[in-house]
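Some notes on the structure that comes next.
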Amino acid sequence: MYITCLDLEGVLVPEIWIAFAKETGIDELKLTTRDIPDYNELMQRRLEILHQHNLGLPQIQSTIQNIYPMEGACEFLDELRQNCQVIILSDTFTQFALPLMQKLNMPTIFCNTLEVAPDGAITGYKLRQENGKYHAVKALQSIGYDTIAAGDSFNDLAMIKNSKAGFLFKAPAHIIEANPSIPAYTTYKDLLAGIKQIIHS
């Protein structure tokens, strides 16, 4: 039995923090897990910047309302779910994810949670668990699933490398070049074909 685990941002929807950086004009918020492998380091930077600029959850959620799935993402997910179970494994937060899941026809997502003050200030975050994507695929394997994984960033490599099959999708050149053994795709058609080949082989 197969289950496919997909990253969210950069794979199915645009990067939330990049969109927010463009809206606020704060270039440092454009940094993502494509740029900084250490997720905790990245989030601490983000929280410091938000505090410096008196920005919080309401402002980010306002940006998210105007983020939509990438062209073809919904159709890709719909067809993929006809072939196997699908779970989105993301380092985003429940407070960010719901409107995006609604736009993707409500797939299952495992993600993290923000700690938010009454005035909307983001005071911290709670990871579901450290290295959550890796532990999720290992847990799924422990209950009888073969996992297939796809993502675009440093924090996706563990789930990709520890699955029966894994793919890079819309990944930047430096990640592709550093991982030449992982097939890399740029279109949903090719990714779907790659996953189907594993499922039906």
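The values are calculated or read from the model by the stated rules, or taken from the named source; none is laboratory data. Please read all numbers here as calculations on a predicted model, not as lab measurements. Counting neighbours? That spans all protein chains shown, and the Cβs are built from the backbone with ideal geometry, glycine included. Just the protein is used for accessible areas: all its heavy atoms, side chains included, with ligands, DNA and RNA removed. Shrake-Rupley method; radii C 1.70, N 1.55, O 1.52, S 1.80 Å.
Take the range 24-43 and flag every residue that is surrounded by 13 or more Cβ atoms within 10 Å (Cβ to Cβ), more than 21 Å from A173 (Cα to Cα) and at pLDDT below 95.
Residue satisfying the conditions is M43 alone.
Identify, please: which residue in the range 116-130 is in a loop (DSSP other than H, G, I, E, B) and not polar (S, T, N, Q) and is, among those, surrounded by the fewest Cβ atoms within 10 Å (Cβ to Cβ)?
P118
Kindly check whether there is at least one residue in the range 131-143 that is closer than 25 Å to S163 by Cβ, among the charged types (D, E, K, R), surrounded by fewer than 20 Cβ atoms within 10 Å (Cβ to Cβ) and modelled with pLDDT of 95 or more.
The answer is yes; a qualifying residue exists.
Scan the range 9-30 for residues that are out of contact with any helix residue (DSSP H, G or I) (no Cβ under 7 Å at 6 or more places or on another chain) and in contact (Cβ under 8 Å) with a residue 60 or more places away in the chain and jot them down.
Within the range 9-30, G10, V11 qualify.
Quickly run through the range 54-91 and pick out the residues that are open to solvent by 20 Å² or more (accessible area, probe 1.4 Å) and in a loop (DSSP other than H, G, I, E, B).
Of everything in the range 54-91, those that are open to solvent by 20 Å² or more (accessible area, probe 1.4 Å) and in a loop (DSSP other than H, G, I, E, B) turn out to be N54, L55, Q65, N66, Y68, P69, M70, E71, G72, R81, Q82, N83.
Quick one: is T113 assigned to a strand (DSSP E or B) and either acidic (D, E) or within 21 Å of W17 (Cα to Cα) (or both)?
yes
From the list Y125, Y188, Y134, which residue is among the aromatic types (F, W, Y), in contact with a Leu (Cβ under 7 Å, 6 or more places away or on another chain) and in contact (Cβ under 8 Å) with a residue 24 or more places away in the chain?
Answer to the check: Y125.
One residue is enough: does the range 155-177 have a residue meeting the conditions modelled with pLDDT under 95 and under 28 Å from L55 (Cα atoms)?
yes
Could you list, ordered by first residue, the pairs with Cβ atoms under 6 Å in which the first is in the range 44-65 and closer than 13 Å to G120 by Cβ and among the hydrophobic types (A, V, I, L, M, F, W, C) and the second is modelled with pLDDT under 95 and part of a loop (DSSP other than H, G, I, E, B), at least 6 apart or interchain?
If the second residue must be modelled with pLDDT under 95 and part of a loop (DSSP other than H, G, I, E, B), no pairs are left.
Just checking, does the range 168-176 include any residue being among the hydrophobic types (A, V, I, L, M, F, W, C), assigned to a strand (DSSP E or B) and open to solvent by less than 60 Å² (accessible area, probe 1.4 Å)?
Yes, there is a match, as at least one residue in the range 168-176 is among the hydrophobic types (A, V, I, L, M, F, W, C), assigned to a strand (DSSP E or B) and open to solvent by less than 60 Å² (accessible area, probe 1.4 Å).
Out of (1) in contact with a helix residue (DSSP H, G or I) (Cβ under 7 Å, 6 or more places away or on another chain); (2) open to solvent by 70 Å² or more (accessible area, probe 1.4 Å); (3) not basic (K, R), the odd one out for Q102 is which?
Just one mismatch for Q102, condition (1).
Report whether or not I3 is assigned to a helix (DSSP H, G or I), touching a residue at least 40 places away in the same chain (Cβ under 8 Å) and in contact with a Phe, Trp or Tyr (Cβ under 6 Å, 6 or more places away or on another chain).
no
Give the range 154-170 a look and list any residue that's under 19 Å from L77 (Cβ atoms) and under 16 Å from the mean Cα position of the chain (by Cα), or say none.
Once the filter is applied, which keeps residues that are under 19 Å from L77 (Cβ atoms) and under 16 Å from the mean Cα position of the chain (by Cα), the range 154-170 yields D156, M159, I160, G166, F167, L168, F169, K170.
Taking the range 17-44, which residues are under 22 Å from N66 (Cα atoms), within 16 Å of the chain's Cα centre (by Cα) and aliphatic (A, V, I, L, M)?
I18, A19, L31
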